[in-house]
Amino acid sequence: MGLRPTRSDEDGLGSRNVGTDQQARTVRLSRFERLPWRRIILVVLGASIVATVGIGAFRTLTLPEGQRYSASAWGDFIVLGIAQGSIYALIALGYTLVYGILRMINFAHGEVFMFGAFGSFFFANAYEESGFLERQPYVALAIILGVAIATSVVVAVLLERIAYRPLRGAPRLVPLITAIGASLFLQNTARGFFGSQTRGYAKPNFLEGRWELLGVAFPKIRVIVFIVAFVSVVLLTLFIARTTTGKSMRAVAEDSEIASLMGINVDRVIVLTFAIGGILAGIAAVLFAMTFEAVNFFMGFQPGIAAFTAAVLGGIGSIAGAALGGLMLGLLESLGPSLILTGYQVPSPFQLKPGFTFLVLVLVLVFRPGGILGTGEAEKV
Amino acid sequence: MGPVPLRSALRAGVVGGAILTYLSLVGLIERFADLNLVGEQVTLGRLFLVLPPFAVGYAVVRPRIVAGERRLASPRAGALAGALSGAVTMVVFDAVIALAEWVDVGRIRQVFVTATPGVIEFVTFERGLATGLGILIGLGLVSGAIGGLARTANRAVAAALSVGAVTVIVMGLLQRIVLIALVQLGIESDFLYSPITRSLTWGGSAGLFVLAGGANVLWHRSGPETRERFRGAMAEKSAARTGILLVVLALLVILPLLVGSVISQVLGSVMIFVLLGLGLNIVVGYAGLLDLGYVAFFAFGAYMTALLTGATLNTTTGSAAPAFSVDLNFYIAIWVVVLLAAGMGLLIGAPVLRLRGDYLAIVTLGLGEIVRVLAESRWLQPVVGGPQGMRGVTDAEIAGYSFRNPPQHFYYLALAFVLLALFVSWRLSASRVGRAWNAMREDEQVADAMGVSTTKYKLLAFAMGGAVGSLGGALFAVQIGSLTPASFQILVSITALAVVILGGLGSLPGVVAGALVLIGLPGLLREFEEFRLLIYGAALVAIMVLRPQGLLPNVRRMRELHDEEEAQDEWVKRFADEGAAVAAVPGNPPGVEYGDPK
């Protein structure tokens, strides 16, 4: 047998002794240079996607007069997209924080959000029945928000304590499968506890109606959603950047072992991270419920997945990335189907919106796995 | 109280009380209040009432490692600790009930829909609050003590008793199936199952208890030798192996004749999920690629089969021909479907190849959802029927022998494909390809460095998994004859994953057992249907936390684990003997092994 690997060795389990990482890279590189199929496919795929989107958008915008969307319709799409995106951003922060510290996808985070919505629902409803919601709308809203946050925090912390803590240090797929199980469990717990029907969520009257600004009518609730989300993200950023606790969170994200040697209580930091994720999910839950005026046990799934997509889109692990990714995804979801698919005469393009979210996720991971603000780390994602 | 500290007994009790409250609020206790197991006294609801105190009693006396030695409490201390935590469980639960009565159940009901006066009546045994709460505490004491004894008492005795008890409970649960089988066989069944309460009779259950317990004792007396002899025979004589295989096959073939059409229908569904599990097992269990969008292949197989065998679209006015349709014979179409599905596996696999495990999972989840969204959309309605779906899928008949009706026939068709898939999986796992997958799963970089072309084998895994999954879809289409997108929810993916994980990743008997438990049991016990997903979720978490290798683990992995454990034990013993205080306890609790380094 010669030194060079025989043909059958190369594609099988043959013994090609490549000792160091350096050598392995060279071998991979040379193979890559021989057959750059991956790159070819990616370029072709990318070009065809750009062409599809471009042609679709062009055809939509140049539709004959009566069929075209009016300027105010586009304005509505954008406002809707930003409001929806702010909610995604808040949930996405929960994914990103946990991922930054534990390197795990907390698949059940959507359910944390759902429990927050349900917890506050009972208060919102009771206050509406007693008239308190109209008499003291600000006090009532504060209590509703507080309850949502408290419920979400309790669920998030229990989740960490019961399901995730025993699996610290386990291979990556183990906590992920656990998280899927936990998600299913929480969803059906809510179904057992609160019933399976969708229920109307009350909101105070002052949130109805629109504000006129520069000739565009902004629905009040959407504006408030954006402001609340924006303030929350700013506060969170300040918290992480300025406080000692924030510093220890960053330290644990960097290297939990060394952080613990430096006297940081890693367990506490992790619980805190889940709690902060819960707070943001609780806020998002109230905003979401007031926007759509409904809660049900399944409501966590779609926003959860969308928010995860947003986190990946912005670069998972980065706070600014999650916020940006959320806004972008919101806009993509509200603009994309009508802008691109209408041009191709696809009937009811909005039906394909969920598919759109996933398509964006797949494409981001294929073309730019690090995300928009990703660190571009060499690690294979 | 010896090695069981008072505080942990109290804490266990509080956890038990919380569990019990959860069970009542989620509706499990009330739902099964009337499902008689033995006579009219032992119902499944009541069993759920005493299980938490039993469980905390069992958990609280777990062996502790002190100075490198496993210390187990004495039976007396164990019973005491168990009884205490069981009683605390019930005291906590009593407090919850009293609180609920005090604030008025009707008001709680506005939040928790299951909180009804009926539940309170049931958990207090319809004897009024004071008496009921007292009975509960008594039951807690007793079942907690039994739980404590179950772990601390003589091993052989505890094993025999628990096998007996589990047998009685299982036979009680399977009342309908066993009853039907007995009737089909023409065996008098009144002595075992009462015709009035439909549950086990007291005499019958006592008999079962003694029988099962006795069998357990006998097995422990002569078990090891018999097992060795059996294993020797299996290893040496291929005739013995063939014989056993034939017996199993014969059993599988006559099974539907024994159990009637309702259960055959359930068995058919089990077979479909065995196929899905086998396919997913190739992707997840062998190659270590977590695919959460497996429903995509299932849906693809079902819809393609429908399109290739000339099914029609459902419309509001009747039926219409799809925009694309071929009228092939099922037995030709299915191979086309399988080939196309393998191609689709390649297509899905190619862009996501470079993704790390957890990202791969989410992306595949997304792809699975895209398939469903497309099937539902008006855009593809002319091809696959949109929300109304398709109908008139072939029933795969051969010379007038329909494979859809009766369900027994479908079972045979499914069995044939399952056996084929089992054979392929079995041979694959031992082949060069299987070993390459193994290497890739254990450590991708090392595998790559050793010359395994990870790209090729990953794609191969996706293609093979997709092909097997589409077989499941094709059979599903044949079984129900009409398709709607509602059958292809993400839950199919998660159920298939649960099937693979419950049995043990990479284990073929595990897949079969997982499908039997997760699909068969809820199918047979219709009462469980409502709680199916709740139980799946809980099972996934519990398996991952307590026993990540699954119920029937892959032999090789189990052996590795076993050796490791023994080595650890020896290591600990040696240090203990030398009198050295071993401060460090081995990191993983015994029985936990993470074979997959990803």
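Just so you know, all these numbers are worked out from the coordinates, no wet-lab data involved. Computed from a predicted model, the values in this text were never measured in an experiment. All Cβ positions, glycine included, derive from the backbone under ideal geometry; neighbour counts span all protein chains shown.
Sequence-distant contacts, meaning Cα pairs under 8 Å at least 6 residues apart, place the relative contact order of segment A:111-190 at 36 percent.
Loop-located GluC sites (Glu not before Pro) in segment A:167-264 (DSSP state not H, G, I, E or B) with no more than 14 neighbouring Cβ atoms inside 10 Å: A:Glu208. Volume of the convex hull of segment B:240-334 (Cα atoms only), normalised per residue: 184 Å³. Nearest 10 degrees, 0 to 90: what angle lies between the long axis of helix B:175-185 and the longest principal axis of chain B (Cα atoms)? Orientation of helix B:175-185: about 60 degrees from the principal axis. Convex hull of alpha carbon positions in segment B:149-275: directionally averaged projected area 10.9 nm². Charges were assigned to the Cβ only: +1 to each Lys and Arg, -1 to each Asp and Glu. The resulting dipole of segment A:99-248 about its Cα centre is roughly 600 debye. Taking amide hydrogens as placed 1.01 Å from N in the peptide plane, the amide H of A:Leu373 sits under 5 Å from those of A:Gly315, each at least 5 positions away in sequence or on another chain.
The slack in the chain from B:Ala240 to B:Asp190, taken as 0.36 nm per residue of separation less the alpha-carbon distance, amounts to 14.2 nm. Across segment A:77-166, Cα-Cα pairs farther apart than 16 Å form 63% of the total.
In the protein assembly as shown the Cα-Cα distances spread across 10 Å bins starting at 0 as 2, 9, 18, 23, 22, 16, 7, 2, 0, 0 percent of all pairs. Across the alpha-carbon set of segment B:239-553, the Rg to Rh ratio works out to 0.97, Rh being the Kirkwood radius.
The mean sequence separation of alpha-carbon pairs under 8 Å and at least six residues apart, normalised by the residue count of chain B, gives a relative contact order of 15 percent. Residue exposure proxy: A:Thr62, A:Thr291, A:Thr178, A:Thr151, ordered by other Cβ atoms within 10 angstrom of their Cβ from fewest to most, comes out as A:Thr62, A:Thr291, A:Thr151, A:Thr178.
Spacing of the modelled spin labels on A:Ala320 and B:Ser402, each 7 Å from Cα toward Cβ, amounts to 6.7 nm.
Between B:Trp102 and B:Ala250, the contour length at 0.36 nm per residue exceeds the Cα-Cα span by 47.2 nm.
Among the trypsin sites (Lys or Arg not before Pro) in segment B:190-291, those located in a DSSP loop and surrounded by at most 11 other Cβ atoms within 10 Å of their own Cβ are B:Lys237. Between exposed chymotrypsin sites (Phe, Trp or Tyr not before Pro) in chain B, where DSSP calls loop and at most 11 other Cβ atoms lie within 10 Å, what's the longest gap? Longest run free of exposed loop sites: B:325-598.
Which residue, A:Phe356, A:Phe226, A:Phe58, has the most motion in a Gaussian network model of chain A that connects Cα atoms within less than 10 Å? Among A:Phe356, A:Phe226, A:Phe58, the largest GNM mean-square fluctuation belongs to A:Phe58. With a Förster radius of 35 Å applied to the C-beta separation of B:Ser74 and B:Gln41, the computed FRET efficiency comes to 0.60. Among the GluC sites (Glu not before Pro) in segment B:94-167, those located in a DSSP loop and surrounded by at most 14 other Cβ atoms within 10 Å of their own Cβ are B:Glu126. Taking amide H atoms as placed 1.01 Å from N in the peptide plane, the amide H of B:Leu483 lies under 5 Å from those of B:Met390, B:Arg391, each 5 or more residues away in sequence or on another chain. Projected label points at A:Ile78 and A:Asn265, each 7 Å from Cα along the beta carbon direction, are separated by 4.9 nanometres. Counting 0.36 nm for each residue step from A:Tyr69 to A:Ile40 and taking away their Cα separation leaves a gain of 6.7 nm. Modelled spin-label separation between B:Asn329 and B:Val166, with each label point placed 7 Å from Cα along the Cα-to-Cβ direction: 4.8 nm. Could you give me D for segment B:1-153, from Stokes-Einstein at 37 °C and 0.692 mPa s, where the hydrodynamic radius is the Kirkwood radius over C-alpha pairs? Units µm² s⁻¹, please. Stokes-Einstein gives a translational diffusion coefficient of 208 µm²/s.
Taken along its principal axes, the alpha carbon cloud of segment B:412-452 reaches lengths of 45, 13, 9 Å, longest axis first. Across segment B:147-206, C-alpha contacts under 8 Å between residues 6 or more apart give a mean separation that, scaled by the residue count, equals a relative contact order of 22 percent. For segment B:198-203, 3J(HN,Hα) computed residue by residue from phi via the Karplus equation (6.51, -1.76, 1.60; θ = phi - 60°) reads 6, 10, 5, 7, 4, x Hz, glycine and proline entered as x.
Ranking of A:Ser86, B:Ser319, B:Ser431 by neighbouring Cβ atoms within 10 Å, starting from the fewest: B:Ser431, B:Ser319, A:Ser86.
The Cα atoms of segment A:275-373 cover 45, 35, 18 Å along the three principal axes, with the biggest extent listed first. Amide H to amide H, with H built 1.01 Å from N, B:Tyr193 comes under 5 Å of B:Thr201, counting only residues 5 or more places away or on other chains. Once the convex hull of all Cα atoms in segment A:328-369 is built, its volume per residue stands at 66 Å³. Across segment A:152-251 the C-alpha pair distances fall into 10 Å bins from zero in the proportions 11, 21, 28, 27, 11, 1 percent.
P(r) tail, segment A:82-367: Cα-Cα pairs separated by more than 28 Å, 37% of all pairs. Between A:Tyr138 and A:Thr198, what FRET efficiency follows from the Cβ-Cβ distance if R0 is 25 Å, with the result rounded to 0.05? Efficiency for this residue pair is about 0.35. For segment B:426-459 versus segment A:254-332, the inter-centroid distance based on Cα atoms is 36 Å. Whole-Å semi-axes of chain B's equivalent ellipsoid, largest first, each the root of 5 times a Cα gyration tensor eigenvalue? The equivalent ellipsoid of chain B has semi-axes of 43, 32, 26 Å. Cβ crowding within 10 Å ranks B:Lys458, A:Lys247, A:Lys353 as A:Lys247, A:Lys353, B:Lys458, fewest other Cβ atoms first. Residues in segment A:353-362 carry Karplus couplings, in order, of 4, x, x, 4, 3, 5, 4, 4, 4, 4 Hz; the curve used is 6.51 cos²θ - 1.76 cosθ + 1.60 with θ = phi - 60°, and Gly or Pro positions show x.
With R₀ set to 60 Å, the beta-carbon distance separating B:Leu10 from A:Leu363 gives a calculated FRET efficiency near 0.65.
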